[in-house]
Every structure is written in structure tokens, then in C-alpha cells.
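First up is the structure itself, then whatever we jot down about it.
Since every read-out is calculated from the coordinates, none of them should be taken as a lab result. Everything numeric in this text was worked out from a predicted model, so none of it was measured. Methodologically, a virtual Cβ is constructed for each residue, glycine included, from the backbone with ideal geometry; neighbour enumeration extends over all protein chains shown.
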Amino acid sequence: MARKARRFVPLATHYLILVTLLSGCVTMNLPSAKDYELIYSGKRSIVLLRISCEIDGKPYEVFRHFVGDDDIGFALGGFETGGELLRKIPKFISSETRKDGWLYFLLEPGYHYLAVQPPRWGDVWSYENSFKSAPLWRLDIPPQTGIVYAGTLHIPGIRQKMLFGGISIKSFITDSIVVRNDEEAARKIAGDFFPELQPFKTVLMVKHEGPIILKTPKKE
Amino acid sequence: MVVLYLTACIVIPTPWTKDEISKEDISVITPGLSIKDDVLKKFDEPDVIWEIGDKERVFVYKWERLRAVWAIAGGYSATGGGISTDEALLILFDETDHVKMIKKGTKSGFESYGDFLNRCLNENKE
């Protein structure tokens, strides 16, 4: 028994270290059976978004690396957080759609607020705080909607030259961020990957200023 | 053992609040009589506007109550932080913008903000 325990402890430790190391890595993360249950019951919707980025007028592939949020950081706030923005790692559908900037979140019906930031170049605390002063985009998720396309956030960025070659994003030109509509492509992705989820709706996110508005359906 | 002896932990109670709305402030708002403009005049814009269905909405004014500050020091390094609770004033309006309910609440550390808002509203209805 003692020998078994002696063998188990280092094995479990190695496993934990491996899980910790891999937790920040990107996985193509399609919804689980439990997620589908939540979607069918109307408690959640798949919210499809696209990020298109450019540096010096040239398209820049924003999700190039293997870490989930290395080129762009996301924070979301909604009813459950009282509007407070919390960091959120996006989910990706496939490596091809990821290359084109597509991602999704699983969200409840109601209003949600999205803030994006360029990659972290300083300490973690300042970076987390920077989301609070970032421009907010309001997502309106209608009830009983399987899949919602919330728009394409087009973000012009300023170049950061890397020490060993290559470039990254130093900062976003926030005044020039706009929402574009790629509904046709979104419909194709929805049809290819989530054909069983209905209805599909396009509700483009809007820039939000002023007090946070939360929305919940009236309970009977 | 040596490391344990050289480690110190301190907790200092600090009853301090920022932007708290007092009972006296609340007493000027009367459910059934006061309207949205009275609330805005007294408390300014809310931190959060919660829309429930199409007819009702709640103004939420948030503040934080700092209960204590703590610090742990060991060797050449130290860290610290605050122990605080979230509190809020909820003012529910009907479809004619009349105040229907006014309530102060404290969020428990174990509930989400959404659960806290729902609890505050339902407690008053019971």
C-alpha cells in the first residue's frame, strides 16, 4: 500500500505540473455535451465574433501563437459580474477559422460588455486594470437563440518590433476600432460546425458609453 | 522551522467605506411618491442600470466596505491586501418611473453579483 502511494505521489505531481503548463495553451474547443444542454434550454448561446487586425495598413494574423491570449486580451462583464469586467480566454472552432480571427464565447441572454487589449508588455496587475479604462463594446444576446453573430471587430494596431525578428502589436489605435459585418461568413461557419443550433441571429455589438446597463428577462 | 519563525502575519481592522449611501440619504426617497428625477438629483447617475423585462428597472449604486488590511512578511519579501465586502443600494422603478422599492444590501463572498441582485430584490418582495 505504502509502495503504491509512493509511486502515486510523484506521478500525480507530474500530471499537475503538466496540466498547469498546458492550461494557457490554445485548444480547438467545441462545445461539450453539457454546453449543448445549456444552449438547448435557452440558458446560453454561442456568440460568434471575429477579430481582424491590421498594422501599418496590412492585415495582421492576430491568433498566431499557441497561447490563448498572447496577441490580444479579452475581458467580459455581464449580469453575473454586476458589469465588472473579468478576463476571459476565447474558444476557437478550428485552426482554419482561428487563422481568420474567428472565436466564440458561451454567454447567457442579456447584455454583455467586451473590452479588448493588446498583448501584455508589463506586469500582470497593470494589465488587468487596463481593461477597466478600455473602450467597451456592448453585446446584446437575445433569449432562445442558439447562435449569435456579434460582428467583426476591426482593430488597427501599432507595430512592436521583436528582439529576434518579427512583429507584434504594441498598442491599439482605439479611436479607429470599428465593427464590421461578415454575416455571410458567420452563417457558413454556423452551418458547417453547428448545424443543429437554431436560430442564427446577427446582432452587431455597439460601442457603449455611460452607466452599465444589465438586462434580464422578467421572471414569471 | 526557521522559515516559519521568520514569517509574520498581521491583520488590522479598518472600518472604512468609499461612496457609502447613508440611511439619512435614503430617507428622502419615498416609494410610491418619489420619481426617477428625484433619485438622480439626490444620488446622480447610477453605477448600473438593471432592466428587468420591458417595464421595470433598477438603479444600482455600488460601494465597497473595507473591513481590514492584512500583510504577510517573511525574509526579505512581503505581500498584503484588503478584506472588503461589496455593498449596494437598489432602487426599483415601475413603468411610470415611480420608485417602487428601495433597499440596501451586502453581497456575500460566496454569491455572484447576479445572485446578489436577485436576492436583494426578492427579499423585499417576500
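Restricting attention to the stretch B:40-70, report how many residues are surrounded by 13 or more Cβ atoms within 10 Å (Cβ to Cβ), assigned to a helix (DSSP H, G or I) and within 13 Å of chain A (Cβ to nearest Cβ).
1
Look through the stretch B:81-105, keep the residues that are within 14 Å of chain A (Cβ to nearest Cβ) and surrounded by fewer than 12 Cβ atoms within 10 Å (Cβ to Cβ), and return whichever of them is nearest to B:K23 (Cα to Cα).
Looking at residues that are within 14 Å of chain A (Cβ to nearest Cβ) and surrounded by fewer than 12 Cβ atoms within 10 Å (Cβ to Cβ), I get B:E95.
Just checking, which of A:A190, A:A185 is closer than 18 Å to A:E54 by Cβ, of a type in the set (A, V, I, L, M, F, W, C) and part of a helix (DSSP H, G or I)? Give the steps one after another, and end with the answer.
Values: A:A190 fails: closer than 18 Å to A:E54 by Cβ.
From the options A:A190, A:A185, the qualifying one is A:A185.
Of the residues that sit in the stretch A:44-94 and are in contact with a Cys (Cβ under 7 Å, 6 or more places away or on another chain) and either closer than 16 Å to A:I177 by Cβ or part of a strand (DSSP E or B) (or both), which one is farthest from the other protein chains (Cβ to nearest Cβ)?
Step by step, filter the stretch A:44-94, then rank; the result is A:Y60.
Would you check which residues across the stretch A:95-119 are within 14 Å of another protein chain (Cβ to nearest Cβ) and part of a loop (DSSP other than H, G, I, E, B) and list them?
First, the residues of the stretch A:95-119 that are within 14 Å of another protein chain (Cβ to nearest Cβ): A:107-113.
Within the stretch A:95-119, A:E108, A:P109 qualify.
Scan (1) within 30 Å of A:L214 (Cα to Cα); (2) out of contact with any Ser or Thr (no Cβ under 9 Å at 6 or more places or on another chain) for the single condition B:A78 breaks and write down its number.
The failed condition is (1).
Evaluate the following for A:G151: is it on the phi > 0 side of the Ramachandran plot and in a loop (DSSP other than H, G, I, E, B)?
On the way: on the phi > 0 side of the Ramachandran plot: yes; in a loop (DSSP other than H, G, I, E, B): no.
In short, no.
All but one of (1) more than 14 Å from chain A (Cβ to nearest Cβ); (2) without any contact (Cβ under 8 Å) to a residue 40 or more places away in the chain; (3) surrounded by 14 or more Cβ atoms within 10 Å (Cβ to Cβ) hold for B:V28, so report the exception by its number.
Failing condition for B:V28: (3).
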